[in-house]
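Notes for the one structure printed next.
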Amino acid sequence: MSMLNSKKIHIKTYGCQMNVYDTERMADVMAPHGYRTIDTPEGADLVILNTCHIREKAEDKVYSDLGRVRAEKDRLAKEGKRMILAVGGCVGQAQGAEIMARAPYVDMVFGPQTYHRLPEMLARVERGERSVVDVDFPVVEKFDTLPRQNTHESPSAFLSVQEGCDKFCTFCVVPYTRGAEYSRKAADVIEEAKALVQQGVMEITLLGQNVNAYHGAGMDGADWSLARLMKELAKIDGLERIRYTTSHPRDMSDDLIAIHGEEKKVMPYLHLPVQAGSDAVLKRMNRHHTAASYVEIIEKLRAVRPDIAISGDFIVGFPGETEEDFCATMALVETVGYSSAYSFKYSIRPGTPAGEATDQVPEEDKTRRLALLQGLLGRQQFAFNRSTVGMEMDVLFDRVGKYEGQILGKSPYLQSVHLLGHPELAGKIARVKIVEARESSLKAELV
Ligand code: SAH
Ligand code: SF4
Ligand code: F3S
């Protein structure tokens, strides 16, 4: 066993939760080859940037970080040590060989579907191949061959059940970087969930780019929906909380809505991106839903689970967006009332239909609209948080805070909650009373 833990790997994660999950899986793949995870690139034998291509800024960040890691690689080389530098994830998929040309000190590039082949790619680089690029899409193979090590420490875990996207929203790169939609077999998901619970996990967030489009082979031979899968997961003793993200309004089926009223373990929170409130814009985005059909879903959800917290994603300044279109987004936000949300300026992505549009919105309009939207969303979040002051609720404390004796956790509504003076509750679910609200966090006391 002397080989074990003798080498150091650093993986930096950008982008969505799917990448967070993938990063853990990469660490699991490399662990049997003697690699132990470290938090910085210093002294690492292998550095992987697990990248995101969703907006231009995300991509720029990768290239600036690459420069920094290169400096460490050069420093190590002077000491006679070799660092292997890899770019994985969605920028790897989208740009492949271009990265090698732009940053020749990179040793390997791969996409999100091939990291189960990491040891093999690494061996090729070690044998002296100048560069290795692997941007295939063998998604089934990836899930079938991935190990899950017994290394999960947090009581909350991600579990990918669905990957890829066939929706082709005209602004989005994901269908190109993650490939076609694929759902894992229910039995595999349940087995992985049980293993996580055995390691002390109490909360599982099911992941997919379109998680509610899940249609995996069920244990009875039929295709299972996400709701059916969650019903089965809810039977696992010790698993207390189930979440899922990200959903598309088009796939918000009645059984999925209903489960929010039926299954206590399914948390009263839904992230349901709408992107815009103008039907004309939604049509040009190829979203296949309208503002009204979106609001109808929210109403159905609130009918079965009145306290459900709604979150969303928004894009301002999509090509051709007028002032009137933008006002429709503001009006939709007023109608829905969000507990939290993410909002972005539209970012031109090469290769996407909207990127070619000639009616791009000027930067100053995007900036102004984003500030207005974020102002409104921020006020809604604060109002939602204030509405929970005085309430008693179960909080899963999954982290220690930066102050002595402080622990941090999540409410059922996915609000951040902090508690002082009870460090023994770290890693546990505890009943607390909310005593103070800020815009993005809550203060609690033990009851
Ligand atoms: N699958 C999810 C989200 C995927 S990407 C869904 O269907 O909603 C996460 C968010 O990034 C999107 O919801 C969108 O709001 C934003 N986004 C995607 N492409 C973008 C672009 N080109 N510019 C700005 N924001 C973008
Ligand atoms: Fe992108 Fe649309 Fe697919 Fe979401 S549904 S990943 S926004 S193409
Ligand atoms: Fe980014 Fe890829 Fe996720 S582009 S948001 S890391 S699917």
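Ordering of 48-57, 301-310 by packing is 48-57, 301-310, highest average first (other Cβ atoms within 10 Å, averaged per residue).
Listed by chain and number, the lysines whose C-alpha is less than 22 Å from the C-alpha of LYS433, apart from same-chain residues fewer than 8 away, are LYS264, LYS265, LYS402, LYS410, LYS443. Compute the separation of the alpha-carbon centres of region 27-60 and region 314-351 and state it in Å as a whole number. Each part reduced to its Cα centre gives a spacing of 33 Å. Scanning residues 5 or more positions from THR37 or on other chains, those with amide H under 5 Å from its amide H are ILE9, with H placed 1.01 Å from N in the peptide plane.
With a threshold of 24 Å on the Cα-Cα distance, the over-threshold entries among LYS12/LYS73; LYS12/LYS185; LYS61/LYS167; LYS185/LYS235; LYS8/LYS428; LYS57/LYS185 are LYS12/LYS185; LYS61/LYS167; LYS8/LYS428; LYS57/LYS185. Computed from backbone phi with θ = phi - 60° and the Karplus coefficients 6.51, -1.76 and 1.60, the 3J(HN,Hα) list for region 175-189 is x, 8, 8, 10, x, 6, 4, 9, 10, 6, 5, 4, 4, 5, 4 Hz; x is used for glycine and proline.
Protein-only accessible surface at a 1.4 angstrom probe places the residues ASP398, ASP65, ASP359, ASP39 in the order ASP39, ASP359, ASP398, ASP65, largest first.
Ranking CYS169, CYS327 by solvent-accessible area of protein heavy atoms (1.4 Å probe, all protein chains present), from largest to smallest, gives CYS327, CYS169. Each DSSP beta bridge with both residues in region 1-127 is either parallel or antiparallel, and the antiparallel ones are about 0%.
Here the alpha carbons of the chain define both size measures, Rg and Dmax, at 22.5, 67 Å. Treating r as the C-beta distance of LEU372 and ASP394 and R0 as 30 Å, the FRET efficiency rounds to 0.25. So if I take the centroid of the Cα atoms in region 363-404 and the same for region 198-220, what is the distance between those two points in Å? Distance between centres, Cα-based: 27 Å. Whole-Hz Karplus values for region 419-429 come out as 9, 9, x, 9, x, 5, 8, 4, x, 10, 9 Hz, taken residue by residue from phi with 6.51 cos²θ - 1.76 cosθ + 1.60 and θ = phi - 60°; glycine and proline positions read x. Overall, the accessible surface of region 1-69 at a probe of 1.4 angstrom is composed of carbon and sulfur to the extent of 53 percent. Think of a 1.4 Å ball rolled over the protein heavy atoms: the chain then has 43 Å² of accessible area per residue.
Per residue, the chain reaches -11500 deg cm²/dmol at 222 nm when only DSSP H runs of four or more residues are counted, each adding -39500 (n - 2.57). Derived scalar couplings between HN and Hα for region 258-264 equal 4, 5, 5, x, 9, 10, 4 Hz in order, rounded to whole Hz, by the Karplus curve 6.51 cos²θ - 1.76 cosθ + 1.60 (θ = phi - 60°), x for Gly and Pro. The C-alpha atoms of region 141-387 occupy a region whose extents along the principal axes are 52, 43, 33 Å, arranged from largest to smallest.
The distance from the alpha carbon centre of region 62-105 to that of region 412-447 is 41 Å, rounded to a whole number. As a length-normalised measure over Cα pairs under 8 Å and 6 or more apart, the relative contact order of the chain settles at 9 percent. Beta-bridge orientation, the chain: approximately 35 percent antiparallel, per DSSP, counting only bridges with both partners inside.
Absence of a disulfide-compatible partner, taken as no other cysteine beta carbon within less than 4.7 angstrom, is noted in the chain for CYS16, CYS52, CYS90, CYS165, CYS327.
Placing SER183, SER64 in order of accessible area, with the largest value first and a 1.4 Å probe, yields SER64, SER183. Counting protein heavy atoms only, region 141-387 has 52 percent of its accessible area on carbon and sulfur, 1.4 angstrom probe.
The values are calculated or read from the model by the stated rules, or taken from the named source; none is laboratory data. Every value quoted in this text rests on a predicted model; they were computed, and no experiment measured them. Every residue, glycine among them, receives a Cβ derived from its backbone with ideal geometry; neighbour counts consider all protein chains shown. Side chains included, ligands, DNA and RNA excluded: accessible areas come from the protein's heavy atoms. Shrake-Rupley method; radii C 1.70, N 1.55, O 1.52, S 1.80 Å.
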